[in-house]
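The numbers here are math on the coordinates, done by the rules we state, and not lab data. Owing to the predicted nature of the structure, the values given are computational and were not obtained by experimental measurement. Every residue, glycine among them, receives a Cβ derived from its backbone with ideal geometry; neighbour counts consider all protein chains shown.
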Amino acid sequence: MSIVRAGIAGYGKMGLIRERTFDKSDHVELVSIFDLKKDIDLNNTLVCRSYDDLLDSDIDAVFVSAYVNIAAEYVLRALKAGKHVFCEKPPAMNQHELSAISEFQSNSDLVLKYGFNHRFHYSVTEAKQLIKKGEMGKILWMRGVYGKAGSIDYDLNWRNYSKFSGGGILMDQGIHMLDLFRYFSEEEFTCRSSFMDTLFWRVESEDNAFIALSSESGVMATLHSSATQWRHKFLLEMCFENGYINLDGILSSTGSYAPEKLIYAYREKEDIEKAMGKPSENIIHFENDNSWDLELHEFIDAIQSNNKIVNGSLDDAVEVMKLVDSIYDSSQKIS
């Protein structure tokens, strides 16, 4: 099976993470890099002066790790140049930017994948298997909290300025939770209300977002995405007819959202002589995060074996951006 020769557009935090996953794979080789920084010096890797030069280099696939405001443009240009594409989230500034990509891909055999990395965490995949068993019954509601503390220079980060990122903490972190809502329920959602504001940080975009959603079948979902959660927090609670599943913590590159746990229990039968609400819980701890490697494997496997992208497909990107657009369009100020 031939090795996939890859180029990276954007050699920041995510570009470096992708490079490290390449180093652990026998099926992909980093050939070229393009970044606006001028001081990159890598052995055995071509450093390109422009994105066109990257596309002209001897590569099969492009990994787009650039600012969101040029992500859709870079994806389309790479596809038109005959390259397979992996693009980080968020997929675009808005849903409209994906229209030309969807039109091109309707007649293309090239692989396009978007980086919704959280789907590959072991707690998420185990929770999905529990749901598929059917013993939990119908999902009733979901409640997600994804919060971080920012950093000393948080107000200088490009992600907080809509001309580069398309939005604030919702686009940065909350979009992962929106994708998981869709992933676990296998439904699309409508925004019922959204409140966003800058409550602490002196940034252009929102540092807190409070959102209420519902699906056509009546699944309710709420999300609080925050950059003022001084202790980093990831929590997704899901209640079903016959029990509940909680994802508490997630293993990240910083380690600050750990530990990663899956907690589930089945609703006890009613007994008037016993206190309700204390079912016997099952708790699974996860010590390893191979999500970046598993995500890369799906992309490379799709190229080499003509398999379809299941996680982070173009349809996933379009639907989540449609939801993001509706949330921003209906948002109100908190204060």
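Among SER225, SER253, SER193, the largest mean-square fluctuation in a Gaussian network model of the chain (Cα springs under 10 Å) belongs to SER253. Here's how it looks for GLU206: its modeled amide H is under 5 Å from those of GLY168, ILE169, which are all 5 or more places away or on a different chain. Note: relative contact order over the chain, using C-alpha pairs below 8 Å and six or more positions apart, is 18 percent. Cut-off 10 angstrom, C-alpha nodes, Gaussian network model of the chain. Which of LEU223, LEU46, LEU236 fluctuates the most? For the chain, modelled as a Gaussian network with Cα springs under 10 Å, the answer is LEU46. All C-alpha to C-alpha distances of region 4-110, sorted into 5 Å bins beginning at zero, yield P(r) values of 2, 13, 24, 25, 19, 11, 4, 1 percent in whole numbers.
Under a Gaussian network description of the chain, with springs only between Cα atoms under 10 Å, the residue in PHE63, PHE200, PHE210 that fluctuates furthest is PHE200. Just so you know, the Cα atoms of the chain work out to an Rg and Dmax of 20.6, 74 Å. Measuring from a point 7 Å past the Cα of ASN282 along Cα-to-C-beta, which residues in region 114-151 have an amide N at less than 19 Å? Under 19 Å, as judged by backbone N against the label point of ASN282, lie 121-140 of region 114-151. Remark: region 199-215, residue by residue, has Karplus-estimated 3J(HN,Hα) of 8, 9, 6, 8, 10, 6, 9, 5, 9, 8, 9, 10, 9, 10, 10, 8, 9 Hz, where x stands for each Gly or Pro and the curve is 6.51 cos²θ - 1.76 cosθ + 1.60 at θ = phi - 60°. The label point for ALA212 and the one for LEU36, both projected 7 Å from the Cα toward the Cβ, are 4.0 nm apart. Karplus-based coupling profile of region 295-310, in residue order and whole Hz: 5, 4, 4, 4, 5, 5, 5, 5, 5, 7, 10, 6, 7, 7, 6, 9, with θ = phi - 60° in 6.51 cos²θ - 1.76 cosθ + 1.60 and x standing for Gly or Pro. The sum of -39500 (n - 2.57) across all DSSP H runs of n ≥ 4, divided by the residue count of the chain, sets its helix-only mean residue ellipticity at 222 nm to -8500 deg cm²/dmol. Give LYS133/LYS333; LYS113/LYS261; LYS37/LYS308; LYS83/LYS133; LYS138/LYS308 a once-over and call out the pairs whose C-alpha atoms are over 30 Å from each other. Beyond 30 Å between Cα atoms: LYS133/LYS333; LYS37/LYS308; LYS83/LYS133.
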